[in-house]
1. Where does the Debye-calculated log10 I(q)/I(0) of region 235-412 sit at q = 0.08, 0.13 Å⁻¹, using only Cα point scatterers of equal weight, no solvent?
2. One-quarter of the Cα convex hull surface for region 151-225, in nm²?
3. Using amide H atoms built 1.01 Å from N in the peptide plane, name the residues 5+ places from GLN282, or on other chains, whose amide H lies under 5 Å from its own.
4. Hey, can you find the accessible area per residue of region 381-520 for me, probe 1.4 Å, expressed in square angstrom?
5. Taking amide hydrogens as modeled 1.01 Å from N in the peptide plane, which residues meet the under 5 Å criterion relative to VAL338, leaving out close sequence neighbours?
6. Please report the equivalent ellipsoid semi-axes of region 401-496, computed as sqrt(5 x eigenvalue) of the Cα gyration tensor, largest first, in whole Å.
7. Give me the mean projected area, in nm² to one decimal, of the convex hull enclosing the Cα positions of region 404-460.
8. Taking Rh as the Kirkwood radius, which is the inverse of the mean 1/r over Cα pairs, what is the Rg/Rh value for region 7-203?
Amino acid sequence: MFGWNGRLLRVDLSRKKIVIQKYDDRLAGEYIGGRGFAIKILWDEMPACVDPLSPQNILIFAAGPLTGIPGPSTGKLVVAAKSPLTGGYGDGNVGSLAAVHLRKAGYDAVVISGSSDKPVYLYIENEKIEILNADDLWGLDTFMTERKLRERHGGNLGVLCIGPAGENLVKFATVISQEGRSGGRPGMGAVMGSKKLKALVIKGSKDIPLADPEEYRRLAADAYRAIKGKPGYEFWRRQGTMAALQWAQESSVLPAYNFREGVFELASNIDGYAMEKVKIGQRGCPLCNAICGNLINDIEGEIAELDYENVALLGSNIGLGDLKKVAKLNRLADMYGVDTISVGSVIAFAMEASEKGLIKEKIEWGDFNVAERLLKDIVYRRELGDLLAEGVKIASYKLGGEKFAMHVKGLEVTGYDCHAAPGMALAYGTSPIGAHHKDAWIISWEIKTERLGYTKDKVYKLIEFQRIRGGMFEMLTSCRLPWIEVGFELEWYPKLFKAATGLSVTLDYFFEAADRVYSLIRAFWIREKRKWNRGMDYPPKRWFTEPLTKGPLAGAKLDIEKYDNMLSWYYEARGWDAKGVPTRETLTRLKLNFAIPVLEKYVNLH
Ligand code: PTT
Ligand code: SF4
């Protein structure tokens with residue numbers, strides 16, 4: 001086997017048992033890596049309907065066959081588990097030296113089951129695997145944790161860790177690396193916390209087996225050059241994802257005031273150009289030559305890293321138009337290990353709930369001090385923060401306000417308002433983890449084409465994006481931004497894949513595996529929820545019921561019947577029935593026959 005290491009590292013924290021396991025070639029051939037490995041392992045090994053915060057949940061860190069091999073943006077891995085926020089499949093993609101070291105240590109994934117009774121961290125150095133005491137790390141923020149572990153074990157290694165949010169089981173706690181890379185929005189940090197696992201420290205020194213190392217090196221060097229030569233490269237290095245803010249404002253899709261509006265009167269204070277004026281540096285993931293994390297000094301003079309989503313959700317969406325204050329909220333989220341998008345969304349929800357009298361406390365839009373206090377109260381589960389730490393869906397059940405609870409399947413919506421973007425609304429509705437744009441950021445294409453149309457073309461384009469982004473990139477675990485943002489062609493990936501694995505494939509190979517993974521993730525949701533209906537694939541009510549009142553698209557809202565039509569076309573194109581359940585024919589075609597007897601228990605399979 002080339003490209004893949006062919007080994008999984010299994011750690012049972014309850015029994016303190018460590019096993020290095022060779023896996024079947026078919027797992028690599030049919031599921032490739034990353035998200036593909038994660039869903040297959042969860043399906044096969046996690047008992048149905050377990051509490052996501054119980055020892056029976058399985059936490060997986062999975063890389064792909066290109067991960068860690070010097071080549072464009074291969075320094076990332078997928079972290080996955082059953083989500084405590086949604087109760088369905090959850091994952092995230094985090095850039096980290098840990099991804100590189102995991103592969104150099106000779107593993108493609110770490111599979112963690114059980115839970116420890118005392119705080120521990122996992123130390124992996126090639127074949128030396130230890131479960132070490134973490135009493136002195138418990139309670140520390142993620143910056144401090146990583147610094148301490150580096151002091152203890154040396155600098156040349158990778159760390160993935162949680163902060164107090166993960167320890168306190170905040171449902172949208174994430175896993176953090178390198179003081180600013182964050183992954184696992186649907187509460188992967190809380191799953192780690194429930195296992196009392198503070199960190200993974202990974203140090204690898206082996207060569208990753210390559211089918212044609214010379215060819216790989218040549219291709220990778222050409223590929224890096226190709227990225228650098230793209231016309232958009234220089235601007236990307238200047239602004240990174242922050243360039244999206246001005247575009248979002250001009251396109252009326254910038255979330256403002258809990259997604260009530262798509263424009264924000266103070267947008268120019270927090271956009272990419274405002275950021276450039278105070279930018280002090282850049283940070284990024286390993287093995288990337290298009291690094292995109294923008295560093296500025298926050299309101300306290302501390303270094304903070306900014307991305308579009310963070311600024312949209314902790315800025316315009318809570319009515320805050322001061323970049324240095326937004327940067328402080330962003331830094332705190334990274335330090336405590338909590339997702340910026342969900343925390344911004346629950347704060348916005350609290351502001352609107354206060355405005356509407358659902359909670360007594362006066363919480364004004366744009367009030368930085370209250371936002372900061374709420375963020376800390378969420379992390380430490382104090383007072384109202386304890387409820388908000390459950391996510392916007394549960395908070396709205398308890399407080400009222402379901403009409404303005406901005407989530408899909410329990411995961412809070414990322415940075416794109418969809419009052420006037422039906423294709424993006426469908427992307428959120430059908431994303432396999434809840435309202436995330438990572439699988440299909442169709443909105444830019446949609447705005448350039450027939451923006452307000454509810455067309456079959458849009459549905460097909462959406463599936464094409466899901467195959468590329470949610471499929472190929474999440475299985476390879478390579479960063480998709482050089483492709484979508486800088487114009488690095490997709491055709492490079494089968495070439496790099498061949499030099500790494502020796503397998504000659506076309507892009508269709510990745511897309512077929514993507515379809516398999518999408519249908520298996522859907523089967524997982526049905527198994528865990530024990531029922532399914534099309535309502536699960538709907539975006540938040542607000543976009544159908546309350547039109548935009550500001551900006552050039554004032555008056556726009558989604559049409560529910562037309563959305564429902566698009567959803568039917570989507571199901572048909574995926575080979576799912578009218579309720580969104582994969583049919584027997586689809587499951588058989590995608591080599592998922594093993595899911596048929598399981599699904600038959602819960603739904604009427606067609
Ligand atoms: C991703 C989500 C995003 S999407 C952002 S900003 W973005 C937020 N970033 C957070 C953060 O920062 N700190 C924090 N405490 N919480 C955060 N939550 C939010 O998490 C990230 C980049 C970005 S920046 C994007 S688009 C791309 N995402 C990729 C992806 O999903 N897959 C892939 N193959 N490549 C990707 N490349 C880009 O990576 P989640 P990162 Mg992220 C500070 O994790 O759970 O998927 O949510 O990983 O290493 O930080 O890189 O405008
Ligand atoms: Fe990381 Fe940005 Fe590079 Fe992607 S483009 S690998 S997110 S630094």
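The values are calculated or read from the model by the stated rules, or taken from the named source; none is laboratory data. Here the structure is a predicted model, which is why all the values come from computation and not from measurement. FYI the Cβ positions are ideal-geometry reconstructions off the backbone, even for glycines, and counts take in every protein chain you see. With ligands, DNA and RNA removed, areas are computed over all heavy atoms of the protein, side chains included. Shrake-Rupley method; radii C 1.70, N 1.55, O 1.52, S 1.80 Å.
1. Taken in order of the listed q values, log10 I(q)/I(0) reads -0.23, -0.61.
2. Values: hull surface 30.0 nm².
If you wrap the Cα atoms of region 151-225 in a convex hull and average its projections, you get 7.5 nm².
3. LEU295
4. Details: 4170 Å² over 140 residues.
Per residue, region 381-520 has an accessible area of 30 Å².
5. Those qualifying (amide H under 5 Å, at least 5 residues apart or on another chain) are THR174.
6. Details: eigenvalues 121, 54, 23 Å².
Whole-Å semi-axes of the equivalent ellipsoid: 25, 16, 11.
7. Details: hull surface 15.0 nm².
Averaging across all directions leaves 3.8 nm² for the Cα convex hull.
8. Details: Rg = 14.9 Å, Rh = 16.1 Å.
So for region 7-203, dividing Rg by the Kirkwood Rh gives 0.92.
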